[in-house]
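The structure appears right after this line, and notes come after that.
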Amino acid sequence: MVSLLIVEDDASLKDALIKALSKSNYICRGVGTFKEALTVLTNESYDIVLLDLKLPDAEGVQVVKRVKEVSDAKIIVITGYGDIKTAVESIKAGAYDFIQKPFNLDILEADIKRAMKEKLTEEENLTLKELIRKGMDYTFETRSPKFAEILSLCERYAKTDTNILIVGETGTGKEVLARYIHELSNRREKPFLVVECTSIPPELFESELFGYEKGAFTGASHKKKGLVEMAKGGTLFLDEVGDLPQHIQPKLLRFIETKRFRRVGSVKEEFADVRIISATNKNLKALCEKGLFREDLYYRLSILEIRLLPLRDRREDIPILVNFFLSKWNKRVSAKAMEMLKNYPWKGNIRELKNLLERACILAEGDLVDDYLFVSRENGPVEKELFEGMPDLELLEARYTAYLLRLLKDVNKVAEVLGCSKRTVYRKLRVLKERELNDKP
């Protein structure tokens, strides 16, 4: 439900607005002074603020500016002292719209609905920018009976709000499948937010997940929503949930059970209706036995479970995937090369296949990419000499990220240069560390 704060010193008008708007299923609260408004907005979240520009303890456009400093609510200015100049100045200062007394209630409600629609759009756009939301760069066409069965499960599970755990090897498309379920669900119009459990530093995890209040810690200069709150009404995807820090696990469990949480530095409980889909390439039961993962949390996350096939167990789909990825570059492979691709072990699964094809498309001058894929040898299909010993794209990106960090000595600057989030920088550094450890004899 949409929450409104009515800041109006005329008690009769304030009470009339609360009564009328409450009948339209808005959650309303009223205050009569600017001081009261600042106190309320500092401690509570509101979607819309109906703001009188002439209050007993403050007036003018500065009132709008101060409200914008403490709240991300949409502001609709309501005043009997308005003129065109004041209207323009209010909107420049951050107000959504300007309505002069006396006004029609129907017009006000229409304005509130438009403001709320814009607010939801802005939050969705923020999600896209901050979390680098990916498009559905994948095809679900399949010739594999086993994968078709998995897709059928997804369609059934999408109709519920029950938590889902997706288990599969690295590169099998766990996040893509989670997005697929979200798009099939009734929550498709709401956000799909990714929590990258491997890339968020443990000490920042709680504030990233649940948000924080202004002054909650050094550097917290303003109130910030967490991923849980931003995902209201939608889906929260916990990627590589097996790496979830242990100190966060009981707090996540409580949120799953109650749908309530507290921002860091706040005593006020907030409510967020989200559907949780998790993914892991680890054996969570084994982690539970070792005391590294809470058993009660595991059972809450895995009410429904999907086990995603590695690419080697659905080889009949390799031609479909190859043609899909090549079509984006207007490239092709010969029948012989396709057979070699079908017989390759693909330890990195679909991600490895996509990276290899992308590299071949970049290097190939014509439309045929065979020469940049594989050649036949006595030991079977192997990469051509041109690529022997060459790191894959994922490793190259990780090494370049580490180089930039050594050069710039600042994660924020590295993120700016790469045009990505800090989470992505941390993830690439983690990839490099893991790959280097795996390469050691």
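The values are calculated or read from the model by the stated rules, or taken from the named source; none is laboratory data. Predicted model, so just to flag it, every value in this text is computed and none were measured. Here the Cβ is made from the backbone with ideal geometry for all residues, glycine too, and neighbour counts use every protein chain on show.
The set of residues from the stretch 288-307 being among the aromatic types (Phe, Trp, Tyr) and either assigned to a helix (DSSP H, G or I) or out of contact with any helix residue (DSSP H, G or I) (no Cβ under 6 Å at 6 or more places or on another chain) (or both) comprises Tyr298, Tyr299.
Of the residues making up the stretch 18-35, those that are free of Cβ contacts under 8 Å to residues at least 40 places away in the same chain and farther than 14 Å from Lys54 by Cα number 9.
Reported count of residues in the stretch 165-179, each being of a type in the set (Gly, Ala, Ser), touching a Phe, Trp or Tyr at 6+ places or on another chain (Cβ under 8 Å) and farther than 16 Å from Glu141 by Cα, is 1. The conditions of being within 20 Å of Ile248 (Cα to Cα) and assigned by TED's automatic domain parsing to the domain that holds Leu204 are not met by Glu305.
Can you tell me which residue in the stretch 344-372 is surrounded by the most Cβ atoms within 10 Å (Cβ to Cβ), limited to those that are at pLDDT 90 or above, over 11 Å from Phe325 (Cα atoms) and among the hydrophobic types (A, V, I, L, M, F, W, C)? Here the residue is Val369. For the stretch 336-346, the criterion of being part of a helix (DSSP H, G or I) and of a type in the set (Ser, Thr, Tyr) is met by no residue. What do you reckon, is Ala398 surrounded by 15 or more Cβ atoms within 10 Å (Cβ to Cβ) and either over 24 Å from Arg359 (Cα atoms) or at pLDDT 85 or above (or both)? The answer is no for Ala398. What do you reckon, is Tyr212 assigned by TED's automatic domain parsing to the domain that holds His182, surrounded by 15 or more Cβ atoms within 10 Å (Cβ to Cβ) and more than 26 Å from Ala158 (Cβ to Cβ)? Yes: the conditions hold for Tyr212.
Counted as qualifying within the stretch 1-63 are the strands (runs of 3 or more DSSP E) with 1 or more residues that are touching a Gly at 6+ places or on another chain (Cβ under 8 Å), namely 3-7.
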